């Protein structure tokens with residue numbers, strides 16, 4: 001069974017993505033082989049969460065990009081809450 005990972009990168013901006021092979025995707029970001037990578041510059045992986053299917057992962061990614069999700073990520077980055 002393939003798991004899907006939702007991940008958050010912090011660079012000049014915050015980037016939320018989802019992928020089935022996180023290690024490969026991080027390598028692609030480091031090589032700046034995508035437009036998103038070029039926008040955030042140097043980055044740090046700050047959060048990951050795995051899901052059993054694409055649909056659930058996509059819904060969670062959408063939440064993290066919403067106002068409530070961005071507020072949660074702000075608190076998470078500040079250490080006010082744990083995942």
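At a glance:
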{"quantity": "Residue tally, condition surrounded by 14 or more Cβ atoms within 10 Å (Cβ to Cβ) and in contact with a strand residue (DSSP E or B) (Cβ under 6 Å, 6 or more places away or on another chain), over segment 20-29", "calculated": "2"}
{"quantity": "The one condition in (1) over 13 Å from the mean Cα position of the chain (by Cα); (2) surrounded by 13 or more Cβ atoms within 10 Å (Cβ to Cβ) that residue 71 fails to fulfil", "calculated": "(2)"}
{"quantity": "Matching residues in segment 30-43 - criterion: being assigned to a helix (DSSP H, G or I) and either modelled with pLDDT of 90 or more or out of contact with any strand residue (DSSP E or B) (no Cβ under 7 Å at 6 or more places or on another chain) (or both)", "calculated": "30, 35, 37, 38, 39"}
{"quantity": "Filtered residues of segment 44-71 (kept if in a strand (DSSP E or B) and either out of contact with any strand residue (DSSP E or B) (no Cβ under 7 Å at 6 or more places or on another chain) or closer than 17 Å to residue 82 by Cα (or both))", "calculated": "45, 46, 47, 48, 49, 50"}
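The values are calculated or read from the model by the stated rules, or taken from the named source; none is laboratory data. Note that the structure is a prediction, hence the values are computed from the model and not measured. Every residue, glycine as well, gets a Cβ built from its backbone with ideal geometry; the counts of neighbours run over all protein chains shown.
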